[in-house]
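Remarks on the structure that follows.
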Amino acid sequence: MSTVYAVTRRLLSLPALLFRSDVSKEAELLVLRHENAVLRRQVPRVRHEPADRLWLAALSSLIPRRRWAKIFSISPATLLTWHRKLVANKWDNSRRRRPGRPPTAAAVKTRVLRMAADNPTWGHRRIHGELTRLGHKIAASTVWNILNHAGIDPAPPRAAAGQRGSSS
């Protein structure tokens, strides 16, 4: 919506001012002001659609603020609020954002479970190391959680460090 808003502002500013005579512009302004006054007397409250708000906010940038009260049927504060909302909507990522960490991909979970099944002596740290070598960014605790939720017990205890290679 903000791209449409920016394009609309650019399109309205240049041709409207360059290709018309001053007398024609003044006469049209007088007609529009009179129509605006008549409509204000007849309609108690106007409901503006989002497209109407976009047009009025875009046109307001072409008119000095001191004249807004005479031209627009809404208050200057309302125009500024619409403009702020149009700009804020561009940067609003709340619909795309979810709280907490993103879930682990199903393919990674499957790979963790397959590695655990194919290599029963590997613990979560070894599986984590292998996944890291393969280019997956995953924490060792996440691997442990995946194994734990699948009901896979930890790897069997290893021999003490002093007992390695001392089978003489």
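The values are calculated or read from the model by the stated rules, or taken from the named source; none is laboratory data. These numbers come from a predicted model, not from an experiment. Positions of Cβ are backbone-derived with ideal geometry, glycine not excepted, and every protein chain shown enters the neighbour counts. Quick note on the areas: whole protein, heavy atoms, side chains included, nothing else; ligands and nucleic acids left out. Shrake-Rupley method; radii C 1.70, N 1.55, O 1.52, S 1.80 Å.
Looking at (1) out of contact with any Ser or Thr (no Cβ under 8 Å at 6 or more places or on another chain); (2) at pLDDT 90 or above, which is the only condition ILE146 fails?
(1)
Restricting the search to region 20-65, which residues are more than 40 Å from the chain's Cα centre (by Cα) and not hydrophobic (A, V, I, L, M, F, W, C)?
Listed by number, the residues that qualify are ARG20, SER21, ASP22, SER24, LYS25, GLU26, GLU28, HIS34, GLU35, ARG41, GLN42.
Name the residue that is modelled with the lowest pLDDT, counting only residues in region 62-85 that are farther than 13 Å from HIS48 by Cβ and surrounded by 14 or more Cβ atoms within 10 Å (Cβ to Cβ).
Per the criteria, the residue is ILE71.
Restricting to region 91-126, and then to whatever is in a loop (DSSP other than H, G, I, E, B), open to solvent by 80 Å² or more (accessible area, probe 1.4 Å) and not charged (D, E, K, R), can you tell me which residue is farthest from HIS149 (Cα to Cα)?
Filtering region 91-126 for residues that are in a loop (DSSP other than H, G, I, E, B), open to solvent by 80 Å² or more (accessible area, probe 1.4 Å) and not charged (D, E, K, R), the one farthest from HIS149 (Cα to Cα) comes out as TRP91.
Could you list, in sequence order, the residues of region 127-136 that are exposed (fewer than 10 other Cβ atoms within 10 Å of the Cβ) and not in a loop (DSSP other than H, G, I, E, B)?
ARG133, the sole residue that qualifies.
Identify the residue in region 12-58 that is loosely packed, with under 11 Cβ neighbours inside 10 Å and in a loop (DSSP other than H, G, I, E, B) and, among all such residues, is modelled with the highest pLDDT.
So, considering only residues that are loosely packed, with under 11 Cβ neighbours inside 10 Å and in a loop (DSSP other than H, G, I, E, B), the one modelled with the highest pLDDT is GLU49.
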